[in-house]
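Heads up: the structure comes next, in structure tokens.
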Amino acid sequence: MTGALIYSLAACAVSVALEALFAGSGIKARFAELRVPRYAPPLWAWVVIGAFYYVMCFAVLYRLLSMPGVVPLRRWAILLFSSIMLINALWNYFFFRTRNLFHAFVISLPYGALAVVLFGVLLHLDRPAAWSVLPYLLYLFYAAAFGYRIWKLNQ
């Protein structure tokens, strides 16, 4: 269990570090210069969403890594979750660093698809973990619409 705790914390810490590295500096300024839809949350709300995201990541990874014995679907779930965390960090590169809103939107599409597949795998593997991913999965529908709209508003 200690190993699962350490690996889960480390995975989240690496992901946060990658997000910061890929985003670079000037995040507030970037948000301020964009035309956003009227339903856009303020910057502080994005920080809260990010915190909930990492709480969910930690909880699901911890559950997956704490499973006893060899569980075939566990490898797929961990691979999917790792891919989601990497793409989430990479989104920051396109949105903030290169300022390419089209690429940021496009990368969100496979991201959402991977999240749906992860949810399906978790339903078979660990239902409580699947249900903890569901609110984020629902949020991704909003995020995709937001990403599309912000790209179109800033062309």
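So the values come out like this:
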{"quantity": "Selection within the stretch 37-66 - in contact (Cβ under 8 Å) with a residue 12 or more places away in the chain, over 13 Å from the mean Cα position of the chain (by Cα) and open to solvent by 60 Å² or more (accessible area, probe 1.4 Å)", "calculated": "Tyr39, Tyr62, Arg63, Leu65"}
{"quantity": "Evaluation of Leu34 against (1) touching a residue at least 40 places away in the same chain (Cβ under 8 Å); (2) open to solvent by 60 Å² or more (accessible area, probe 1.4 Å); (3) not acidic (Asp, Glu) (one fails), failing number", "calculated": "(2)"}
{"quantity": "Inter-residue pairs, beta-carbon under 9 Å, first of a type in the set (Val, Ile, Thr) and in the stretch 138-153, second surrounded by fewer than 16 Cβ atoms within 10 Å (Cβ to Cβ) and not in a helix (DSSP H, G or I), 6+ apart", "calculated": "Ile150/Leu34; Ile150/Arg35; Ile150/Val36; Ile150/Pro37"}
{"quantity": "Hey, Phe141 in a helix (DSSP H, G or I) and surrounded by fewer than 17 Cβ atoms within 10 Å (Cβ to Cβ) or not", "calculated": "yes"}
{"quantity": "Unmet criterion (only one of (1) out of contact with any His (no Cβ under 8 Å at 6 or more places or on another chain); (2) over 20 Å from Ala20 (Cβ atoms)) for Ala89", "calculated": "(2)"}
{"quantity": "Residues satisfying the stated conditions in the stretch 34-64, i.e. touching a helix residue (DSSP H, G or I) at 6+ places or on another chain (Cβ under 7 Å) and more than 18 Å from Val16 (Cβ to Cβ)", "calculated": "Leu34, Arg35, Val36, Pro37, Ala40, Arg63, Leu64"}
{"quantity": "Counted residues, the stretch 18-28 - those being under 15 Å from Val47 (Cα atoms) and exposed (fewer than 12 other Cβ atoms within 10 Å of the Cβ)", "calculated": "1"}
{"quantity": "Residues satisfying the stated conditions in the stretch 111-131, i.e. open to solvent by 40 Å² or more (accessible area, probe 1.4 Å) and farther than 20 Å from Pro68 by Cα", "calculated": "Ala113, Leu114, Val116, Val117, Trp131"}
{"quantity": "Criterion violated by Val71 - all others in (1) under 17 Å from the mean Cα position of the chain (by Cα); (2) modelled with pLDDT under 95; (3) among the β-branched types (Val, Ile, Thr); (4) open to solvent by less than 60 Å² (accessible area, probe 1.4 Å) satisfied", "calculated": "(1)"}
{"quantity": "Ala89 being among the small types (Gly, Ala, Ser), part of a helix (DSSP H, G or I) and under 18 Å from the mean Cα position of the chain (by Cα)", "calculated": "yes"}
{"quantity": "The stretch 1-31, residues that are touching a residue at least 12 places away in the same chain (Cβ under 8 Å), over 26 Å from Gly69 (Cα atoms) and not in a helix (DSSP H, G or I)", "calculated": "Gly24, Gly26"}
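The values are calculated or read from the model by the stated rules, or taken from the named source; none is laboratory data. Being a predicted model, the structure only gives us computed values, none of them experimental. Please note: Cβ atoms are built from the backbone with ideal geometry, for glycine as well, and neighbour counts cover all protein chains shown. Accessible surface is based on the protein model in full, side chains and every heavy atom, while ligands, DNA and RNA are left aside. Shrake-Rupley method; radii C 1.70, N 1.55, O 1.52, S 1.80 Å.
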